[in-house]
1. Hey, got the Cα dimensions of the stretch 246-323 along the principal axes, in Å, largest first?
2. At 222 nm, what helix-only mean residue ellipticity would the chain give, in deg cm²/dmol to the nearest 500, using -39500 (n - 2.57) for each DSSP H run of four or more?
3. I'd like the Karplus ³J(HN,Hα) series for the stretch 293-309: coefficients 6.51, -1.76, 1.60, θ = phi - 60°, whole numbers in Hz, and an x wherever there's a Gly or Pro.
4. Could you please state, rounded to a whole Å, how far the C-alpha centre of the stretch 244-273 is from the C-alpha centre of the stretch 69-142?
5. Could you give the length gained by full extension between ARG285 and TRP267, i.e. 0.36 nm per residue of separation minus their alpha carbon distance, to one decimal place?
6. In degrees, nearest 10, range 0 to 90: what is the angle between the Cα axis of helix 12-25 and the longest Cα principal axis of the chain?
7. Hey, what do the phi angles of the stretch 129-144 turn into as Karplus ³J(HN,Hα) couplings, whole Hz, using 6.51/-1.76/1.60 and θ = phi - 60°, x for Gly and Pro?
8. With r as the distance between the Cβ atoms of LEU95 and LEU149 and R0 = 30 Å, compute the FRET efficiency 1/(1 + (r/R0)^6) and round to 0.05.
Amino acid sequence: MQEVEQTTTLNPQIKEAAIKHVKNKFIQAGDSDLIRVLKKESFKHIYKKMIVDPDDFMERPRPADIEPWGGQKPGGPRDFLKSKVVLPSLPQVLLEIQKVIKNPDSSADDLAAVINKDPKLVAAILRLANSAMFSFSSEVETTSRAVALLGFRQASSLALGTVSLSLFKRTAGTSILQIEKLWKHSIACGVIAQEIATSAGHNDVERFFVAGMLHDIGLYVVFEGDRSLAMELYEYASRDGHSFYDAEMEFLGFDHATLGGVIIKDWSFPQSLVAAIDGHHNPARDQNGPDAAIVHVADFVAQALGYDLGISSVIGRIDDEALEKIGLSTDRYAAILPNVQKLIDEIFEILNQT
């Protein structure tokens, strides 16, 4: 943080508080060229946030109606799902998209026909196709044209992810998890994952966008499942040096990534998506591809840029083997950052209307 401390034009008290916050945020992250770049970006965000929204840094009192958690560690993710959670029913349009994806004889017209059954999905796909994320040379005015330009696999991934993300719009069972922050973090992770995949030269980069958007579905389910447990996790993660991952391992014995992988697998989503979600906190679980590694790094970068969930002040660790697997230099990561926030804000506005 030496470069930050040399700045003389900032409010000294706010600067000192922001530096302290950044140091705590990255307490588990170690020290590397990439971490130093992200610390600088994080300081910029935190300093500004402390000025425009200081209440965001205030400790939230425990709601009076939440009883202390008296539960025991579940036997595993499936035991937790059986005892605590009623999962949302999948929308009919999502089931039809899955059916089209699984049918080897399906065409672009088949996919467009399914999308056209849902006016909100049509609007979202057209807005995405016309966004800076794709930058097509002419305006895309029809679903058929969007599918043709994006390609069947890419368009089906976007449709699948867009409909699935809308499942997060229910009011969470506790005010601890702020839905707007969850949405912004999810979209930020998706955008950053796609940008990393593009820079690394991967094809079908939309799948990384979708994986990033849906990577925290397990976390959402944890907070929906038990308000008392959610409060215990939040309070543990609020203590010095603890990340939310640490809290989950302490109270559950597994993390929300593992839980999300089980949910997505049971919903018959593509295996690459299952692997990315299941492994985004332990990317070594994904032995067959780069998906978990890219989403893991994108998740970390999103939090560093200020797109966090507000449930822990500690960002956690970044996996060195995941960075090595992706193969980008620090300069390449730094080159991604300037345009990312504008793109995140644009995609958030698009998908928030679905």
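1. Principal extents (largest minus smallest coordinate, Cα): 34, 29, 20 Å.
2. One gets -19000 deg cm²/dmol as the mean residue ellipticity at 222 nm.
3. Coupling constants for the stretch 293-309: 4, 5, 5, 4, 5, 4, 4, 5, 5, 4, 5, 4, 7, x, 8, 9, 9 Hz.
4. Their Cα centres are 19 Å away from one another.
5. Full extension of this stretch gives 4.5 nm more.
6. 60 degrees
7. The phi angles translate into 4, 9, 8, 5, 5, 10, 6, 5, 6, 9, 5, 9, 10, 10, 4, 4 Hz.
8. Computed FRET efficiency for LEU149 and LEU95: 0.75.
Readers should treat all values here as calculations from the given coordinates under stated rules, not as data from a laboratory. Bear in mind the structure is a predicted one, so any value in this text is a computation, not a measurement. All Cβ positions, glycine included, derive from the backbone under ideal geometry; neighbour counts span all protein chains shown.
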